[in-house]
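K.L.:
One structure, pasted below without further comment.
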Amino acid sequence: MERRRWWRSPLLWAIVLVVLWLTVGGPLGSYQGRLAEVQENDNSAFLPATAEATRVAELEARFTDGETLPAVVVFTRDGGLSEADLAAVAQVAEEFAGVAGVTGESSPPVVSPDGAAAQLVVPLASDIEAGETVAELRELAAAGTPDQVDTYVTGPAGFAADLGEAFGNIDGLLLVVTASVVALILLVVYRSPLLPLVVLFGAGLALGTASAVVYALVEADLVVLNGQSQGIMLILVFGAATDYALLLVARYREELRRYRDRFTAVRVAWRRSLGPIVASGSTVILALLCLLLSDLNSNKGLGPVAAVGVASAMLVMLTFLPAALALLGRVGFWPFRPAYGSEADHQGGLWERVAGLVSRRARLVWLVTALALAGLAALVPQLRADGTAESDLFLGEVEAVTGQDELSEHFPAGSTAPTVVVANAAQTEPVVAALSEVDGVAEVRPEGERDGLARIAVVLANEPDSDEAIATIPRLRAAARSVPEADALVGGTSAIAYDTRQAASRDQRVIIPLALLVVFVVIALLLRAILVTVLLLASVVLSFAATLGLAAVVFNNIFHFPGADRSIPLFAFVFLVALGVDYSIFLLTRVREETRTRGTREGVRVGLAVTGAVITSAGIVLAATFSALAVIPLLFLAQIAFLVAVGVLIDTLIVRSLLVPGLCHDIGDRIWWPSRLGRAQPEPH
């Protein structure tokens, strides 16, 4: 009997859990830094997996004895390149062959029609770390030419190198900024120096665990990781972990006022927080896994990577955190310890007054907020999410973009990245003839044969990543396929952009309805009510549309962004629906609990008053962590940071605080249909 009690000691299990996480989870933190070793930031990490342009890229490897990553080196001089300059360029081209990662000789230098620029192509191995090789090429080019000659390394290798450098801030700057923001907010929320340290340490354990799992998945070739996915995973881990911690700690503080024994308080708080935390985490995880159905490798890889991050956050905060709280007891809240039998924090506070307002003017509150959100949603058509040029990818000035601009200035528009056609070699002439007749084509030239296939370069009249060039691709494909037995495929830069846009549009049609269905099922199972679940989803979709409308105005008129990637609305939807609905889940699980003894309308009032502060804090933390993504100077991440941060604040401060409780209070007991919850209790008058 004594032995049984010993093994059931809550103190023992709390110590075991903390020690286990320290000894096993602690060392996993090193994997966060190792993820950079397995990132893929070239085009293959973003291309549509089954697109025609992808198949062309694979076939092109036959013409170069293996897959290569071309670097385009540009040399310019105001007033024109001299004979001595061109001789220096030729000498530099020979030196490039000795650089590690270069797989063959550079192409002969090609001088621009105005004589002010020259370009050559250096083939790099596709499986190398582009950053180091490109850095050496840039150094050799600058050192080997006269001071008056400007040199740039651009092309796919140049962009991959600059992209890798931008993502290099994930391990350092992004992590520091995110942790600092969370620490500052937690200090304000808890007014305690100990609890923020415990929560941040738990978030670190979750990040290390997630990084180790993702590293193993990448090594097993089960997922593709790029810098974008790693950055979003880091943000999600810190945001989700802190949200779950805020919910659990707030409930623990509440129970410490009701129970003298800290272990009983932890047990009750854990049991009553388990449902909403698991429902919240499951909603986000399942919504993210819907991205596995994407045709884009970048989206498909993000789904499981981000889902692993959220699952790790949920695991740590449901095991390590309650054990640590049990060991600390009331000391963790020093200097504002919750005394046994003391008054709850929300009594007479701001959220008590907000809850009172919603109770007195429920219909007016939800009508006004719904109309305001609908007004913002009406601005959605102004959002320009039709894709952006590769040169618009970076928010700051980088050499790859500058070099691309120099190419465009001195060489014919489409010659900087010709469209590539691979066809049956026996049908080369009729294919060339058919392609030459297409509107928007400046030049068509065969470039060799191998293994019965012909490679044909098509120079377009417009910039390769322009809307006009991209619109030429379906016409080229139709012309190529009109040649019998040619089996022609069209790829290259413009084709990649076209296929990416098509895949992004398809993803929205498939993934958005599926994500809605998944979220609906999870919430319906949690609340065991259909009507309130439908209203919750409708409110979150309205919030999402309002966020897009507001973003359209800000992006166009304040930030003056050149546009947005077509995947932006999909990413924003998945994050905002999955994350935004969390706050209503946290609210309504408490409302459901209070309804059992108080009735629906009083349950709404008490539930909003009790959870108002903690859920608002959780929303602010998540918004702040996503805002940290803006430290990485990439247009896509800056836009995601704005959309999710603003959307979460709208969900937290308007939808969860006013719209949802106003609707629930106005509708009353019927909100729980088809269950009869709330009908057995008399409504307060």
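K.L.:
Ignoring any ligand, DNA or RNA, what whole percent of the accessible area of the chain comes from carbon and sulfur when the probe is 1.4 angstrom?
P.N.:
Its accessible area is 59 percent carbon and sulfur atoms.
K.L.:
If a paramagnetic tag sat 7 Å from the Cα of Leu531 along the Cα-Cβ line, which residues of the stretch 600-624 would have the backbone N under 20 Å from that point?
P.N.:
So the set is 600-608.
K.L.:
Still on this structure, I have one more. Ranked highest first by the average count of other Cβ atoms within 10 Å around their residues, in what order do 554-562, 604-612, 475-483 fall? Could the numbers behind the result be given before it?
P.N.:
On the way: 554-562: 13.7, 604-612: 25.8, 475-483: 18.3.
Going from most to least packed, we get 604-612, 475-483, 554-562.
K.L.:
Another question about this same structure. With a Förster radius of 51 Å, plug the Cβ-Cβ distance of Asp114 and Asp221 into 1/(1 + (r/R0)^6) and report the FRET value to the nearest 0.05.
P.N.:
Details: r = 48 Å, r/R0 = 0.94.
The pair Asp114/Asp221 has a calculated efficiency of 0.60.
K.L.:
Moving on. If I take R0 = 35 Å and measure r between the Cβ atoms of Arg450 and Ser30 in this structure, what FRET efficiency does the formula 1/(1 + (r/R0)^6) give, to the nearest 0.05?
P.N.:
In this case the efficiency is close to 0.15.
K.L.:
Once you place label points 7 Å from the Cα toward the Cβ at Asn424 and Leu517, how far apart are they in nm?
P.N.:
4.1 nm
K.L.:
Residue separation times 0.36 nm, minus the C-alpha to C-alpha distance between Glu105 and Leu274: what's the value?
P.N.:
Extending this stretch completely gives an extra 54.6 nm.
K.L.:
Additional query: With the contact rule set at Cα under 8 Å and sequence spacing of 6 or more, what percent relative contact order holds for the stretch 62-125?
P.N.:
Computed value for the stretch 62-125: 45 percent relative contact order.
K.L.:
Now, a different point. Angle between the Cα long axis of helix 227-258 and the longest principal axis of the chain, 0 to 90 degrees, nearest 10?
P.N.:
So the inclination is approximately 0 degrees.
K.L.:
Using 1/(1 + (r/R0)^6) with R0 = 35 angstrom and r between the beta carbons of Ser505 and Leu350, what's the FRET efficiency to the nearest 0.05?
P.N.:
After rounding, the FRET efficiency stands at 0.20.
K.L.:
Compute the relative contact order of the chain as a whole-number percentage, counting only Cα pairs closer than 8 Å that sit 6 or more residues apart in sequence.
P.N.:
Reported as a whole number, the value is 18 percent.
K.L.:
Hey, another quick one. Using the reciprocal of the averaged 1/r over all distinct C-alpha pairs, how large is the Kirkwood radius of the chain in Å? Spell out each step's value before the answer.
P.N.:
Details: mean 1/r = 0.0361 Å⁻¹.
Kirkwood radius, the chain: 27.7 Å.
K.L.:
I'd like the distance separating the alpha-carbon centroids of the stretch 150-218 and the stretch 556-601, in whole Å.
P.N.:
24 Å
K.L.:
Of the listed peptides 106-117, 640-651, what is their order by residue-averaged count of other C-beta atoms within 10 Å, with the highest listed first?
P.N.:
Details: 106-117: 15.6, 640-651: 25.0.
So the order, starting with the most tightly packed, is 640-651, 106-117.
K.L.:
Just how much of Trp21 is accessible, in Å², when a 1.4 Å probe is used and the result is rounded to the nearest 10?
P.N.:
Approximately 30 Å² of Trp21 is accessible to the 1.4 Å probe.
K.L.:
Quick one: length gained pulling Leu371 to Leu184 fully straight, 0.36 nm per residue minus the C-alpha distance?
P.N.:
In short, 63.8 nm is gained.
K.L.:
Sticking with this one: Calculated from DSSP H runs of 4 or more alone, at -39500 (n - 2.57) each and per residue, what is the 222 nm mean residue ellipticity of the chain, nearest 500? Kindly include the intermediate steps, with their values, before the conclusion.
P.N.:
Values: 23 runs with 414 residues, N = 685.
Mean residue ellipticity at 222 nm (helix-derived): -20500 deg cm²/dmol.
K.L.:
Mind pulling the angle between the C-alpha long axis of helix 83-96 and the longest principal axis of the chain? Nearest 10 degrees, somewhere in 0 to 90.
P.N.:
Tilt relative to the chain: about 60 degrees.
K.L.:
Could you please state, rounded to a whole Å, how far the C-alpha centre of the stretch 459-529 is from the C-alpha centre of the stretch 78-133?
P.N.:
Value for the Cα centre distance between the two parts: 34 Å.
K.L.:
Something else: Mark the label point 7 Å from the Cα of Asp467 along Cα→Cβ and return the residues of the stretch 545-567 whose backbone N is within less than 18 Å of it.
P.N.:
In the stretch 545-567, the label zone of Asp467 (backbone N under 18 Å from the point 7 Å along Cα→Cβ) covers 552-553, 555-557, 560-567.
K.L.:
Taking 0.36 nm per intervening residue step and subtracting the Cα-Cα distance, what contour gain separates Ala84 from Glu139 on full extension?
P.N.:
Full extension of this stretch gives 17.9 nm more.
K.L.:
Can you tell me the 0 to 90 degree angle between the C-alpha axis of helix 155-167 and the longest principal axis of the chain, rounded to 10?
P.N.:
20 degrees
K.L.:
Find the accessible area per residue for the stretch 272-415; the probe is 1.4 Å, ligands and nucleic acids are left out, and the unit is Å².
P.N.:
42 Å²
The values are calculated or read from the model by the stated rules, or taken from the named source; none is laboratory data. Source: prediction; values computed, not measured. Here the Cβ is made from the backbone with ideal geometry for all residues, glycine too, and neighbour counts use every protein chain on show. These accessible areas exclude ligands, DNA and RNA; they are computed on the full protein's heavy atoms, side chains included. Shrake-Rupley method; radii C 1.70, N 1.55, O 1.52, S 1.80 Å.
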